[in-house]
Amino acid sequence: MRAASEAYNVPIVGGHTNAHSPYDALSVAILGRANRLITSFGARSGDRLLVATNFRGQPHARYPFWNAATKADPVQLRREFEILPFLAESNLCDAGKDISMGGMVGTLLMLLETSGCGAVLDLDAIPCPPELSLENWLICFPSYGFLLSVRPEKVAAVQAQFRQQDLVCEVVGEIQPTHQLILRSRDQSILFWDLAKENLTGFSKGLS
C-alpha cells in the first residue's frame, strides 16, 4: 500500500486493522473530486468501442493478471492515468469502464448493462500482448486497461492522447441499439449475452 501510494502520489489518510477477523481481507475507499466524469452509464448507440492498455508489462506466473505497474517509472504511471480525466474534462469521452476481474468481455457486458445498450465486439481487432494468446488476454485483469465508448468524430483525438504516451488504443467494436453483446471473428458471429433476457449485475437502466 505504501509503495502504491508513493508511485501514484495518492496519500493514505486513514485506516485501521482488525485482529479478530477469521480471514485476511483488505477494504479500500478512494475519495476525490472531479470536474467531469467518465461513467459506465453513458455509452450510446453508434459509439465506437475503444480499448486502451499498456503492453509494457508482464503476465502473472499463476493468475490472469497483467502487471504494467510495479516495475514502471512512477512519473510515467501518473502521466498515463492523467489521460482519463483529460479526456473527460475535454469532452472527448464521457463513457467507459476500467477492465477488471471480468476481463475485457465481462467488463464490456457490465458497461452495456448500465448504459442500456448492446455492442458488437470484433475479436480480430483486439490488440494482444505477444506474451499471451487472445483467449488468455480476454480474461486478463490488466493494471492499466480501459474500454471507452467514444463518439465517432472524437476517436482520432482520443487515440492520439494514449499514443503520445506509447500506449495501445484501438477500435474494437461498436455500440448497438440492441441489448445484446455479439462477438464477431472474420465472417462468424455469436450471441454472447442478451441483457433483455438476463441481467449480469442488476445495475441496469431497466430494460423493457
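Quick note: the coordinates plus some simple rules give every number you see, no bench work behind them. None of the values given here were measured: they were computed from a predicted structure. Every residue, glycine as well, gets a Cβ built from its backbone with ideal geometry; the counts of neighbours run over all protein chains shown.
Structural remarks
- Considering helices alone, the calculated mean residue ellipticity of the chain at 222 nm is -7000 deg cm²/dmol, with DSSP H runs of length four and up weighted by -39500 (n - 2.57) and normalised per residue.
- Counted charge near Gln176, where neighbours are those whose Cβ lies closer than 11 Å (Asp, Glu -1; Lys, Arg +1): -1
- Since only Gly106, Ala52, Ala68 are under comparison, the one whose Cα sits farthest along the positive direction of the charge dipole of region 29-118, derived from C-beta charges on Lys, Arg, Asp and Glu, is Ala68.
- Lysine pairs within the chain, Cα separation less than 27 Å, 8 or more sequence positions apart or different chains: 6
- Net charge dipole size for the chain [Lys, Arg +1 and Asp, Glu -1 on Cβ; Debye, nearest 20]: 340 debye
- Reference-scaled alpha-carbon Rg (2.2 N^0.38 Å with N residues) for the chain: 1.07
- Around the amide H of Gln176, modelled in the peptide plane, lie the amide H atoms of Gly46, Gly118, Ala119, Val120, all under 5 Å away and 5 or more residues distant in sequence or on another chain.
- The stretch between Val75 and Asp166 holds 31.3 nm of extra length on full extension. This uses 0.36 nm per residue minus the Cα-Cα distance.
- In this simple spin-label approximation, Ile30 and Glu6 carry label points 7 Å from Cα along the Cα→Cβ vector, and these lie 2.0 nm apart.
- Sum of side-chain charges, Val13 neighbourhood, beta-carbon under 15 Å (Lys, Arg +1; Asp, Glu -1): +1
- Rounded to the nearest Hz, the phi-derived 3J(HN,Hα) couplings of region 173-178 under the Karplus curve 6.51 cos²θ - 1.76 cosθ + 1.60 (θ = phi - 60°) are x, 9, 6, 10, x, 7, where x marks glycine and proline.
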